[in-house]
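Worksheet for the structure shown next.
The values are calculated or read from the model by the stated rules, or taken from the named source; none is laboratory data. Since the structure is predicted, the reported quantities are computational estimates derived from the model, not experimental observations. Glycine gets a Cβ as well: all are built from the backbone with ideal geometry, and neighbour counts include every protein chain shown.
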Amino acid sequence: MAEREQKKKTQTQRESEELREDVQAKNESAEKLKADLDDLLDEIDEVLEENAEEFVRNYVQKGGQ
Amino acid sequence: MAIAKVCGIETEYGISVLGSPDANPISISSVLINAYVSEVAGRVGWDFETESPGNDARGFSFEAPVNAEMETHLVNTVLTNGARLYVDHAHPEYSSPECISPKQALLYDKAGEEVLKRAMKASRRFMPPGQEIVVYKNNSDRKGNSYGCHENYMMDRAVPFAKIVKQLTPFFVTRQIFCGAGKVGTEFLGSQGGVSFQLSQRADFFEEEVGLETTLKRPIINTRDEPHADATRFRRLHVILGDANLSEFSTFLKLASTAVVLSMIEDGVLDDGEIQILSPVQALKKVSCDPTLKVTIDTTDGRSMTALEIQWSYLDMAKKYYERDGIPTVGTSEEVAELLSLWEDTLCKLEENPMILKQRLDWVAKLNLVQGYKERHSLSWDDPKLAAIDLQYHDIRPEKSLALRAGLETLLDSKDVGMAVFEPPKETRAYFRGKCLEKFGESIAAANWDSLIFDTGKDPLRRVPMMDPLKGTFSHVDGLIQSSNSALELLEGLGA
């Protein structure tokens, strides 16, 4: 009985540890994703046409199919 | 019965000049293409001063104009990879050679981007200081003007066109969930407003279900009947609905799934259990305007289905068809298994959360950029910066392209793309066209999709017809081309 409880406890402990690791991994990957997006947005700021309004206004394409 | 899905993509590129926004698009398209031809072929002496350099100066033109539309083609070149590069209306256009499979058509579409990149570079020395030609691979100027990215698929002439229309329309209305190129806002005048982002560049511009038009009242299914091959055996399905994709996954999925569905139609696989959409044109726009993919569309038998559900039903039938038939019309058994599994994987991920595919599909990649930027700078959806990101996603200059920065996964080897800029596909008649141009270019008076016209100097012009896209391949003609020392020898060998 005691042994079973011990087993159960170990299992529960293991599960919660796994869960903690899982959550941690998820947080890390979410943080990494956010950092990746931040880098990407920094890069857009660098290369985006300076005068967006004028760029968009001047882009006219007639005579297409 | 299903026949080989020989296919290809023709893309009208957007074009503008930095430092001269009012430049005439027809002249700058001509400069761009002539610059490429002069650079690549090492031909000098081309008159870049004139705005209409003329059709046949170097003997690389297509045959005489056959209709009003052809007359506006000012510059017209055939490349050694079998493609056609020309000015169509007011755009530079690259039509890929005939390809044997969706994967190969993807390769030659990417090679086309490379051609245009090289053309942009080559054009710099022909432009005044401070001016630069810039090319965009997209379909709209965000002011109501659209330009196409057309696919072509070879089909069996025996299949009634009405059946193609009926069985293909629901697929076409919904395939944008993986091959839309994304758009901020709307250009559809009848829009009720409140459209922040769309899956498709082109959905705004479609007004009919079926028709011949390509420049106004555009139809979901285009009826242009110009097979460029034996018209008693073949049909060329000319698809005008699609967006120009930067993502290799989007282009490949578009070509592969469409080729499979067309084979299914030819083999009668879709004859039972058809889905019919009640109002296809409205449904096309409705699906485009919903990046959550939750919106439903009504079918004629009273069901409400999402675009994903309709795609699943086509995929389920395709999988069964593959188990029975292997679908050799689209590729080897392994290739088809791979493309079906990619189609399935894409639908699964779209169902779970489309953002998972932000490095695979164009519209998702663009939405990720636009949404992130909007949040970072607290912008509203109508901020010109978001419109600028939308346009610049499609700028093909590596130093400016936002698609390139989105980290899109690839399917192709860049070495293969480099090769495809010059080398034709081995498995179609494009091989004969490309290799003859490479070796006997001086003796070719004109080229067309279905013929080459030789001028050997003495005799009258001699026309070599190529009415079957699957003849004139490497295995048919390479030996002869290699062993012929002149065009005359080649023609004798062909018995032409």
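Computed quantities for the displayed model
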read-out: Qualifying residue in the stretch B:432-448 (condition: among the polar types (S, T, N, Q), in contact with a strand residue (DSSP E or B) (Cβ under 7 Å, 6 or more places away or on another chain) and surrounded by fewer than 20 Cβ atoms within 10 Å (Cβ to Cβ)); value: no
read-out: Wholly enclosed strands (runs of 3 or more DSSP E) of the stretch B:1-85 bearing at least 2 residues away from chain A (no Cβ under 14 Å), at pLDDT below 90 and in contact with a helix residue (DSSP H, G or I) (Cβ under 6 Å, 6 or more places away or on another chain); value: none
read-out: Every residue from the stretch B:216-249 that is in contact with a His (Cβ under 9 Å, 6 or more places away or on another chain), away from chain A (no Cβ under 14 Å) and surrounded by 16 or more Cβ atoms within 10 Å (Cβ to Cβ); value: B:Phe234, B:Arg236, B:Leu246
read-out: Residues being within 14 Å of chain A (Cβ to nearest Cβ), among the aliphatic types (A, V, I, L, M) and touching a Phe, Trp or Tyr at 6+ places or on another chain (Cβ under 7 Å) - total across the stretch B:349-368; value: 1
read-out: Check on B:Glu213, charged (D, E, K, R) and either surrounded by fewer than 17 Cβ atoms within 10 Å (Cβ to Cβ) or outside any loop (DSSP other than H, G, I, E, B) (or both); value: yes
